[in-house]
């Protein structure tokens, strides 16, 4: 069976797998001046605000927060305030951020029907907070009012009387009231006296753009895996096999899985197998859709990506030979040890957001332990094999055979998205 979409149709010309991720953030401060969270805003390289659909903008912010820049680097220990479009409120698209750290902002002008109300109720049940954005007294009977916990009031464009009425409504329902668009010291003091809980605006801080290197998956890999997940019958082993063929996609899945699917929990992710099991098929499908919606899926067929795949597979083969059953951990260690090459940042910086088991982190950074020793041998072999034959080193012929098997597998992986039934099987040990 062949893909309906060919690689040439979905990929731009070959280039680097590293891409630039841009998200702006604006702090929200409490009455003592402490930052309680940040509103995350869509940005695109080369422009302050690109003309793009609401779903695409929300998807880009969520994808960047969950798998690109990382939520911790954007909001620290605070809350993430994210503008939500209808697709995310109705559950058509999953919100891949920890519920206890996320406030979904809903424009007061958004049409609300039974599907939106039902979806918002489910989000609240899951632990998300909802905020009505640009609230004014004429929205006092908004159908989502019973579900929201935050009101954002535009003090720049409302009259003092309207602002006072909005605050009365917030107090009646015991809601957090945020003064929005505070632009002068006089406005800030007036809002304090009026009784607002929090404040946001240019006087406090203009939005600051945060950027970081990221790895973009290929659209072909996303589409291939999404089609496999849609039938509900794809074995998890096949899902892992497809993930192994695309460095950017594997990287994104590992990062997203580390966040946790509920309550903001972060779990140790020692392999792609663990990541897939932690996420589950629905959350994985949502991540794939997010990346396609965000339109940030880019080229993955570069020499650096192939080198990363060869290293990962070679580590898998050698790990399995040394300790049967440890191949998945070997693949992950080899993949993550390549991030300095792919992202062009120091390795300790590249892996710091992965809550890896201690031994794996030490293996990647210090080449310690059994796994680290094997990784050191693989890297030495890549660089010419200056230590071949050293005491405690794997036999040169085994290293050579493992490397050739990994190389053949990596080349075959490039064809897997167009020939799904011919995706590379695990290399023979």
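FYI, it's all coordinate maths here, none of it is from the lab. Please read all numbers here as calculations on a predicted model, not as lab measurements. Because the Cβ atoms are built from the backbone with ideal geometry, glycine has one as well, and the counts that use them run over all protein chains shown.
Applying 1/(1 + (r/R0)^6) with R0 = 60 Å to the Cβ-Cβ distance of residue 141 and residue 362 gives a FRET efficiency near 0.55.
Can you sort 360, 314, 145 by how many other beta carbons sit within 10 Å, fewest first? Display every interim value, and only then the final one.
Working: 360 24, 314 30, 145 16.
Fewest-to-most Cβ neighbours within 10 Å comes out as 145, 360, 314.
A simple spin-label model places pseudo-atoms 7 Å from Cα toward Cβ; at residue 185 and residue 92 they are separated by 4.8 nm. Working ranking of peptides 193-199, 384-390 by packing, defined as the average number of other Cβ atoms within 10 Å per residue, highest first, is 193-199, 384-390.
Taking label points 7 Å from Cα along the Cα-to-Cβ direction, residue 282 and residue 386 give a separation of 5.3 nm.
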